[in-house]
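The values are calculated or read from the model by the stated rules, or taken from the named source; none is laboratory data. All figures in this text were calculated on a predicted structure; none of them were measured in a lab. Every residue, glycine among them, receives a Cβ derived from its backbone with ideal geometry; neighbour counts consider all protein chains shown.
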Amino acid sequence: MKHATVLAFVSGAAAAATTTLPASAGVTSEPTAIPVSGEHDGGMMRYEREPAVCQEQTETGEDDAMFILEDGATLSNVIIGTSQAEGVHCRGTCTLNNVWWADVCEDAATFKQESGTSYINGGGAFHADDKVFQFNGRGTVVISDFYANDYGKVVRSCGNCDDNGGPRNVVIEDSVAVDGGVLCGINTNYGDTCQISNTCQDDGKSCDMYEGNADGDEPTKIGSGPDGESCIVTNLTEDC
Ligand SMILES: *[C@@H]1O[C@H](CO)[C@@H](O)[C@H](O)[C@H]1NC(C)=O
């Protein structure tokens, strides 16, 4: 108890994020992605795909996810294992409560909502070679009390999707990210924003700005760091 108090104090503003993978309550293996409408509470079970579908950074699709959430669905208290490829796909707005990725494959979650707000409350992701969260839809994604360890970017607006555009708005608060790149990769030509507050990134990396496109080309990086307009940063610390 005393130890826990000391740790919470040291992590300061971002004390709400849990920084270790929770113990699992058991393992369940599924041959296909699990569809979720309404609510699914996994009770901290670890979910795997059998046979495994992870092919690292090879482009996979929704069928290779572990969970496919319909508009308005909520997924809570799950650990997503190494054998799946695309984690969670949200077809509309969704809420992810205490969702953990033990080892991200292609990415951890993809947001495809046409508008509205999706929420990630707590949870964390380990070992994302590239992106943790892929934002392909529109509207807002709010990430609170989240932990990322060993990753490329925490969230990236789609750089070159068909029908690409925006704006996409990202909010990251009370979170911790270590051993990785920027928190947000946004397309400023589409009016994207990233608002970061009370968060720790161990190199102080906040945003990279890109010129997104809809023709599949590699997007051009056009800036980096807080500009008070598209990348708004308050209380970003490096000691995490
Ligand atoms: C930044 O941190 C200070 C001190 O803890 C706090 O008073 C303030 O509300 C924080 N700012 C935001 C935008 O949360």
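Does ARG156 count as closer than 13 Å to GLY139 by Cα and basic (Lys, Arg)?
Details: closer than 13 Å to GLY139 by Cα: no; basic (Lys, Arg): yes.
Criteria not met by ARG156.
Working only within segment 114-142, note down all residues that are touching a Gly at 6+ places or on another chain (Cβ under 8 Å), on the phi > 0 side of the Ramachandran plot and not in a strand (DSSP E or B).
Within segment 114-142, GLY116 is the sole residue that qualifies.
Give segment 197-240 a look and list any residue that's over 18 Å from the mean Cα position of the chain (by Cα), over 16 Å from VAL176 (Cβ atoms) and of a type in the set (A, V, I, L, M, F, W, C), or say none.
Of everything in segment 197-240, those that are over 18 Å from the mean Cα position of the chain (by Cα), over 16 Å from VAL176 (Cβ atoms) and of a type in the set (A, V, I, L, M, F, W, C) turn out to be ALA214, ILE222, ILE232.
Does segment 183-198 include one or more residues that are of a type in the set (A, V, I, L, M), more than 16 Å from the ligand (Cβ to nearest atom), surrounded by fewer than 17 Cβ atoms within 10 Å (Cβ to Cβ) and modelled with pLDDT of 95 or more?
So the first thing to find is which residues in segment 183-198 are of a type in the set (A, V, I, L, M), and the list is 183, 186, 196.
Of the ones still in play, those that are also more than 16 Å from the ligand (Cβ to nearest atom) are 186.
In the following step, the residues that additionally are surrounded by fewer than 17 Cβ atoms within 10 Å (Cβ to Cβ) were identified as none.
The answer is no; no qualifying residue exists.
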